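K.L.:
My questions will all concern the structure given below.
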Amino acid sequence: MQTHVGVDLHQRFCYLTAVDASGKTLKQSQVVNEGAALRAWLRQVPAPRQVVVEASGFWPAFARAVGPEAEKLVMVHPQRMKAIASARLKNDKVDSETLAHLSRADLLPEAWMANQRTQQTRLLTRLRITLGQQRAKAKNQLQAVLHQEGFLKPVSDVFGKKGRAWLTGLALSPAARIRSTSASVSGFGVVSSLSP
């Protein structure tokens with residue numbers, strides 16, 4: 001007989017409810033989000049265990065923490081869950097109970113769980129996008145400084161080799177020098193180091 005564990009996951013803690021195949025509640029409580037505490041809680045309910053959690057930004061860490069004690073981990077789609085189980089009373093206990101009972105009834109709207117490689121690729125892609133946006137912002141800030149100081153660019157690419165040489169020789173006001181230095185430090189060469 002499989003034990004169905006519903007988890008209402010939060011950043012610092014989660015609320016877990018374990019039910020058996022007949023729907024009887026075996027265990028229900030709040031647990032701190034630490035791997036050892038979560039695994040210890042799961043060991044207190046009979047195996048095999050199916051653990052169900054709603055999709056969130058930190059599900060990968062939760063999956064790694066409970067993996068050794070969960071025979072199956074299911075991530076469900078939060079929006080589709082609302083359509084299936086809209087409750088008047090909504091709290092951590094009710095949410096975890098609902099997940100456990102939907103698991104028992106095999107009514108879970110499953111969400112796709114990215115594998116480790118895909119997760120890492122996504123993280124690097126997001127970082128690359130963020131750094132690219134920061135670089136663009138820094139370049140725009142430097143262009144604004146040049147415009148405010150009244151300098152006309154003698155080269156088409158101020159950020160190329162000749163342009164950077166030209167920038168170092170400019171007589172900028174103290175405030176403009178600080179702005180242009182911070183822009184050039186934060187804006188050049190960072191994104192290219194993240195090429196796949």
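K.L.:
Hey, can you tell me all the residues within the range 53-74 that are part of a strand (DSSP E or B) and either at pLDDT 90 or above or outside the structural domain of ALA100 (by TED's automatic domain parsing) (or both)? Step through it out loud before you land on a result.
P.N.:
Our first condition is that a residue be part of a strand (DSSP E or B); within the range 53-74, this holds for 53-54, 72-74.
Of everything in the range 53-74, those that are part of a strand (DSSP E or B) and either at pLDDT 90 or above or outside the structural domain of ALA100 (by TED's automatic domain parsing) (or both) turn out to be VAL53, LYS72, LEU73, VAL74.
K.L.:
So which pairs qualify, if the first residue must be in the range 90-103 and assigned to a helix (DSSP H, G or I), the second must be acidic (Asp, Glu), the Cβ gap must be under 6 Å, and the two must be at least 6 apart or on different chains?
P.N.:
These pairs meet every condition: ASP92/ASP8; ASP95/ASP8; SER96/ASP8.
K.L.:
So which of LEU26, LEU9 ends up being surrounded by 15 or more Cβ atoms within 10 Å (Cβ to Cβ), of a type outside the set (Gly, Ala, Ser) and within 28 Å of LEU123 (Cβ to Cβ)?
P.N.:
None of the other options fit; the residue is LEU9.
K.L.:
OK, next. Of all residues being part of a loop (DSSP other than H, G, I, E, B) and either hydrophobic (A, V, I, L, M, F, W, C) or modelled with pLDDT under 65 (or both) in the range 75-87, which is nearest to THR98 (Cα to Cα)? Just the residue, please.
P.N.:
ALA85
K.L.:
Limited to the range 104-119, what total is found for residues that are modelled with pLDDT under 90 and assigned to a helix (DSSP H, G or I)?
P.N.:
2
K.L.:
Identify the single condition in (1) in a helix (DSSP H, G or I); (2) closer than 30 Å to ALA18 by Cα; (3) small (Gly, Ala, Ser) that ALA165 does not satisfy, given that it satisfies every other one.
P.N.:
The number of the failed condition is (2).
K.L.:
Looking at the range 161-196, which of its residues are at pLDDT 85 or above and within 29 Å of ARG126 (Cα to Cα)?
P.N.:
Once the filter is applied, which keeps residues that are at pLDDT 85 or above and within 29 Å of ARG126 (Cα to Cα), the range 161-196 yields only LYS161.
K.L.:
Give ALA171, ALA144 a once-over and let me know the one that is free of Cβ contacts under 8 Å to residues at least 12 places away in the same chain and not in a loop (DSSP other than H, G, I, E, B).
P.N.:
ALA144
The values are calculated or read from the model by the stated rules, or taken from the named source; none is laboratory data. Every value quoted in this text rests on a predicted model; they were computed, and no experiment measured them. All Cβ positions, even for glycine, are placed from backbone atoms using ideal geometry, and neighbour counts span all protein chains on display.
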